[in-house]
1. Do we find that residue 105 is without any contact (Cβ under 8 Å) to a residue 24 or more places away in the chain, in contact with a strand residue (DSSP E or B) (Cβ under 6 Å, 6 or more places away or on another chain) and farther than 19 Å from residue 224 by Cα in this structure?
2. For region 129-152, does any single residue satisfy the condition of being surrounded by fewer than 16 Cβ atoms within 10 Å (Cβ to Cβ), closer than 17 Å to residue 107 by Cβ and in contact with a strand residue (DSSP E or B) (Cβ under 7 Å, 6 or more places away or on another chain)?
3. Can residue 163 be described as touching a helix residue (DSSP H, G or I) at 6+ places or on another chain (Cβ under 6 Å), at pLDDT 90 or above and either crowded, with 21+ Cβ neighbours inside 10 Å or more than 21 Å from residue 129 (Cβ to Cβ) (or both)?
4. Residue 166 versus (1) closer than 18 Å to residue 100 by Cα; (2) touching a residue at least 40 places away in the same chain (Cβ under 8 Å): which is the lone unmet condition?
5. Does at least one position in region 143-158 carry a residue that is over 23 Å from residue 36 (Cβ atoms), modelled with pLDDT under 95 and in contact with a helix residue (DSSP H, G or I) (Cβ under 9 Å, 6 or more places away or on another chain)?
6. Search region 206-225 for residues that are at positive phi and modelled with pLDDT under 90 and pair each with any residue that is surrounded by 16 or more Cβ atoms within 10 Å (Cβ to Cβ) and in a helix (DSSP H, G or I) when their beta-carbon atoms are under 6 Å apart and the residues are at least 6 apart or on different chains.
7. Could you check region 24-81 and list, in sequence order, the residues that are closer than 16 Å to residue 222 by Cα and either without any contact (Cβ under 8 Å) to a residue 60 or more places away in the chain or part of a loop (DSSP other than H, G, I, E, B) (or both)?
8. So, of the residues in region 26-37 that are more than 13 Å from the chain's Cα centre (by Cα) and within 19 Å of residue 89 (Cβ to Cβ), which turns out to be surrounded by the fewest Cβ atoms within 10 Å (Cβ to Cβ)?
């Protein structure tokens with residue numbers, strides 16, 4: 001196998017920090033942030049000239065067997081847009097990440113922050129994990145006729161509920177909205193220990209993402225598909 005092309009691979013993340021762990025020739029990174037309409041516009045313009053698109057970054061586990069920092073490779077997508085991921089790209093990633101779980105990912109733009117909500121989504125969709133960008137990626141890739149795949153790292157496990165500050169943490173450009181976080185803490189100071197534990201999990205996921213991206217190389221597996 002192998003796929004040689006001068007067209008770029010588009011890497012779509014949620015945050016700027018996720019985007020920072022991916023670099024290299026032939027890669028274009030787009031951080032969606034909390035502005036899905038901007039992400040749709042940027043992908044609509046960029047996707048037709050891309051070799052492929054990968055949804056990359058953190059995810060929330062909805063399968064209770066997933067552990068913090070574990071990788072998940074999407075084989076199919078459920079949610080507001082249903083699609084199959086590129087089989088060859090999935091296989092290339094799985095070959096380089098033998099400990100990763102391969103299965104369904106759910107995405108509809110909603111942050112699943114409550115344990116009950118995660119459990120309900122797991123039962124309804126049979127998905128392993130959920131993120132907030134993959135449905136937009138899949139739709140753009142489908143319209144452009146280019147392959148797409150999902151590669152995500154677990155930042156919060158299924159039994160963990162997210163504190164309120166996490167829901168307002170991301171700016172439209174993918175940066176951290178410090179003011180909104182401080183305002184949330186002032187309104188609900190009891191969440192501070194929970195927030196600290198959550199941020200620890202995020203930091204572990206970021207470290208795993210950085211190491212994983214370097215290990216996969218080959219434009220996140222695209223050139224080996």
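The values are calculated or read from the model by the stated rules, or taken from the named source; none is laboratory data. This structure is a prediction, so every number in the text was calculated from the model and none was measured. Here the Cβ positions follow ideal geometry from the backbone for every residue, glycine too, while neighbour counts run over all protein chains shown.
1. Numbers: without any contact (Cβ under 8 Å) to a residue 24 or more places away in the chain: no; in contact with a strand residue (DSSP E or B) (Cβ under 6 Å, 6 or more places away or on another chain): yes; farther than 19 Å from residue 224 by Cα: yes.
Considered against the rule, which asks whether it is without any contact (Cβ under 8 Å) to a residue 24 or more places away in the chain, in contact with a strand residue (DSSP E or B) (Cβ under 6 Å, 6 or more places away or on another chain) and farther than 19 Å from residue 224 by Cα, residue 105 comes out as no.
2. As a first pass, look at region 129-152 and keep what is surrounded by fewer than 16 Cβ atoms within 10 Å (Cβ to Cβ): 142-143, 145.
This time we only want the ones that are closer than 17 Å to residue 107 by Cβ, so: 142-143.
Among the residues that remain, those that are also in contact with a strand residue (DSSP E or B) (Cβ under 7 Å, 6 or more places away or on another chain) are: 142.
There is at least one residue in region 129-152 that is surrounded by fewer than 16 Cβ atoms within 10 Å (Cβ to Cβ), closer than 17 Å to residue 107 by Cβ and in contact with a strand residue (DSSP E or B) (Cβ under 7 Å, 6 or more places away or on another chain).
3. Values: touching a helix residue (DSSP H, G or I) at 6+ places or on another chain (Cβ under 6 Å): yes; at pLDDT 90 or above: yes; either crowded, with 21+ Cβ neighbours inside 10 Å or more than 21 Å from residue 129 (Cβ to Cβ) (or both): yes.
Yes; evaluated as a whole, the condition is true for this residue.
4. (1)
5. Filtering region 143-158 for residues over 23 Å from residue 36 (Cβ atoms) gives 157-158.
Going one step further and asking which of them are modelled with pLDDT under 95, we end up with 157-158.
With the extra rule that they be in contact with a helix residue (DSSP H, G or I) (Cβ under 9 Å, 6 or more places away or on another chain), the set shrinks to 157-158.
Scanning region 143-158, I find at least one residue that is over 23 Å from residue 36 (Cβ atoms), modelled with pLDDT under 95 and in contact with a helix residue (DSSP H, G or I) (Cβ under 9 Å, 6 or more places away or on another chain), so the answer is yes.
6. 218/224
7. Taking region 24-81 as the starting set, the residues that turn out to be closer than 16 Å to residue 222 by Cα are 24-29, 47, 49-56, 73-75.
Hits for region 24-81 are 24, 25, 26, 28, 29, 49, 50, 51, 75.
8. Per the stated criteria, the residue is 26.
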